């Protein structure tokens, strides 16, 4: 294949979309799994992989959809079981976004932790009671990111397998 070949260009664009999706797990504003899924979709439509490309796309769709559902359901259930309300996570998310712009990249994490802690301190009335809830919220966000990243890696692995087999 030459560099000017359209199928090669489509493959490169699809690969870049998948890489951007994997980066989107930690970079705010990039929709991780939709980017990975979209990369496979572009490849299936324009990459000339035929039926095999559509089979890879179908498998990627199942993995991406499952990843999105599990990403919210599993950590959310854990938080409900420990008694951390949604309003606490919302406060953490808002301060995380503010923190991202005040102190780039690191501010996201610092703002999230500060927001969750402040909301729980107001709700529960003390530092000793707020910290365990803050730890649970941090664990839930970490679990959500891990699920999303593993689903994105699985989509990427399906795509690479499709590249090799078609």
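The values are calculated or read from the model by the stated rules, or taken from the named source; none is laboratory data. Just so we're clear, the structure is a prediction, and the values are computed from it rather than from any experiment. Every residue, glycine as well, gets a Cβ built from its backbone with ideal geometry; the counts of neighbours run over all protein chains shown.
Out of the stretch 51-67, which residues are in contact with a helix residue (DSSP H, G or I) (Cβ under 7 Å, 6 or more places away or on another chain), farther than 20 Å from residue 9 by Cα and free of Cβ contacts under 8 Å to residues at least 60 places away in the same chain?
Of everything in the stretch 51-67, just one residue is in contact with a helix residue (DSSP H, G or I) (Cβ under 7 Å, 6 or more places away or on another chain), farther than 20 Å from residue 9 by Cα and free of Cβ contacts under 8 Å to residues at least 60 places away in the same chain, namely 61.
Could you grab me the full set of residues in the stretch 84-97 that are in contact with a helix residue (DSSP H, G or I) (Cβ under 7 Å, 6 or more places away or on another chain) and surrounded by fewer than 16 Cβ atoms within 10 Å (Cβ to Cβ)?
Matches in the stretch 84-97: 87, 94.
Among the candidates 12, 69, 94, which residue alone is farther than 20 Å from residue 137 by Cα and part of a helix (DSSP H, G or I)?
Details: 69 fails: farther than 20 Å from residue 137 by Cα; 94 fails: farther than 20 Å from residue 137 by Cα.
After applying the criteria, what remains is 12.
Is it the case that the stretch 30-37 has a residue that's over 20 Å from the mean Cα position of the chain (by Cα), surrounded by fewer than 18 Cβ atoms within 10 Å (Cβ to Cβ) and part of a helix (DSSP H, G or I)?
First, pick out the residues of the stretch 30-37 that are over 20 Å from the mean Cα position of the chain (by Cα): none.
Checked against the condition, which is being over 20 Å from the mean Cα position of the chain (by Cα), surrounded by fewer than 18 Cβ atoms within 10 Å (Cβ to Cβ) and part of a helix (DSSP H, G or I), the stretch 30-37 yields no hits at all.
Taking the condition within 23 Å of residue 31 (Cα to Cα), touching a helix residue (DSSP H, G or I) at 6+ places or on another chain (Cβ under 7 Å), at pLDDT 90 or above and assigned to a helix (DSSP H, G or I), does residue 160 pass?
Numbers: within 23 Å of residue 31 (Cα to Cα): yes; touching a helix residue (DSSP H, G or I) at 6+ places or on another chain (Cβ under 7 Å): no; at pLDDT 90 or above: yes; assigned to a helix (DSSP H, G or I): yes.
Against the criterion (within 23 Å of residue 31 (Cα to Cα), touching a helix residue (DSSP H, G or I) at 6+ places or on another chain (Cβ under 7 Å), at pLDDT 90 or above and assigned to a helix (DSSP H, G or I)), residue 160 does not qualify.
So if I check each of 56, 69, 62, which one is under 30 Å from residue 157 (Cα atoms) and crowded, with 22+ Cβ neighbours inside 10 Å?
On the way: 69 fails: crowded, with 22+ Cβ neighbours inside 10 Å; 62 fails: crowded, with 22+ Cβ neighbours inside 10 Å.
Result: 56 is the single residue among 56, 69, 62 that is under 30 Å from residue 157 (Cα atoms) and crowded, with 22+ Cβ neighbours inside 10 Å.
Spot the failing condition for residue 48; the list is (1) farther than 30 Å from residue 14 by Cα; (2) part of a loop (DSSP other than H, G, I, E, B), and only one is missed.
(1)
What do you reckon, is residue 134 modelled with pLDDT under 90 and either in contact with a strand residue (DSSP E or B) (Cβ under 7 Å, 6 or more places away or on another chain) or part of a helix (DSSP H, G or I) (or both)? Step through it out loud before you land on a result.
Working: modelled with pLDDT under 90: yes; either in contact with a strand residue (DSSP E or B) (Cβ under 7 Å, 6 or more places away or on another chain) or part of a helix (DSSP H, G or I) (or both): yes.
For residue 134, the condition - modelled with pLDDT under 90 and either in contact with a strand residue (DSSP E or B) (Cβ under 7 Å, 6 or more places away or on another chain) or part of a helix (DSSP H, G or I) (or both) - is met.
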